[in-house]
Amino acid sequence: MFSVRKLPFWHVDSVLFKPYNQDNRVMKVLFFHIWWFGYIQFQLTILICLNRFASIVLPKYYRKHWTNRATKIAIFVIFLNTMCIAFPILFLGVTVAQYTSVDDGIMTFQTVGPTFMKHYDSQTYMFTWKFHVYAILAVCTTCYIIMFIKVKEIRILLKKSAMRREFRLLYPMTVLYIVNFLYIGYFALTDYWVNTDHPFSRNSEWTIYIASDAYDLNNAYVIMLTSSEVRAAVYHFLRIQIKKKCDVVVSLSLFSK
């Protein structure tokens with residue numbers, strides 16, 4: 001859904017975006033879902049981190065208490081909690097904004113949206129965004145420090161096949177943790193641009209697209225790089241597809257003769 005925000009930025013026109021600079025119910029619903037799913041992703045990242053921490057550092061507690069039912073309840077609470085945070089957006093002013101900016105005599109026309117109509121609303125939800133990112137970094141950093149302290153014990157447990165599987169599942173989580181530093185860079189950069197009235201402030205919309213793509217697209221790549229099972233499945237699929245194409249080529253060549 002976040003990709004929809006790229007369309008106005010690239011001047012892709014749609015009747016759904018109109019009227020510009022006015023409250024738009026369709027964009028309001030879309031914006032609600034963008035924020036809601038974003039919150040879900042952030043809080044699920046924390047849940048995954050705690051899950052890996054419990055499975056590696058507290059294996060007895062994990063096996064006894066972290067059941068499938070407990071996981072489903074936690075996920076349900078996250079969905080409900082994040083929906084409550086995003087729900088007020090349905091009653092705020094949301095629009096696709098068009099504006100012009102002049103820098104060094106050069107006029108630039110831009111279209112951005114969906115976005116909040118009031119600066120206060122935008123700053124409020126930006127704060128909640130920052131809070132989630134910093135919470136991810138705080139929780140993950142604490143968990144990783146404790147895991148590294150017990151690294152010798154973890155290495156012994158890695159001899160067990162079940163523990164090796166649990167530890168491999170930590171790799172994608174580690175990359176998700178690292179990628180959150182992209183957002184820290186984004187926050188620092190955009191805050192600097194806005195506070196200094198820098199001409200590059202108009203590029204803040206572009207930078208968030210880069211950060212969000214890096215955050216969202218890393219999962220599949222990381223899982224493939226860190227999981228031998230996934231790599232084997234992908235390679236098997238590719239071999240089958242290549243074999244099918246070769247069979248088709250051979251059949252066509254025989255038919256042409």
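The values are calculated or read from the model by the stated rules, or taken from the named source; none is laboratory data. Remember, it's a predicted structure, so these values are computed and weren't measured experimentally. Backbone-built Cβ (ideal geometry, glycine too); neighbour counts: all protein chains shown.
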Which is among the charged types (D, E, K, R) and over 19 Å from MET126 (Cβ atoms), of LYS60, LYS28? LYS60
Quick check, is ILE40 assigned to a helix (DSSP H, G or I) and closer than 30 Å to TYR144 by Cβ? yes
By residue number, the members of the range 86-101 that are in a helix (DSSP H, G or I) and out of contact with any Lys or Arg (no Cβ under 9 Å at 6 or more places or on another chain) are ALA86, PHE87, PRO88
Which residue, of LEU7, LEU16, LEU30, is buried (at least 17 other Cβ atoms within 10 Å of the Cβ), touching a helix residue (DSSP H, G or I) at 6+ places or on another chain (Cβ under 9 Å) and assigned to a helix (DSSP H, G or I)? LEU30
What number of residues within the range 50-84 satisfy the criterion of being buried (at least 17 other Cβ atoms within 10 Å of the Cβ) and at pLDDT 90 or above? 2
Among the residues of the range 58-85, how many are touching a helix residue (DSSP H, G or I) at 6+ places or on another chain (Cβ under 8 Å), closer than 18 Å to THR45 by Cα and in a helix (DSSP H, G or I)? 10
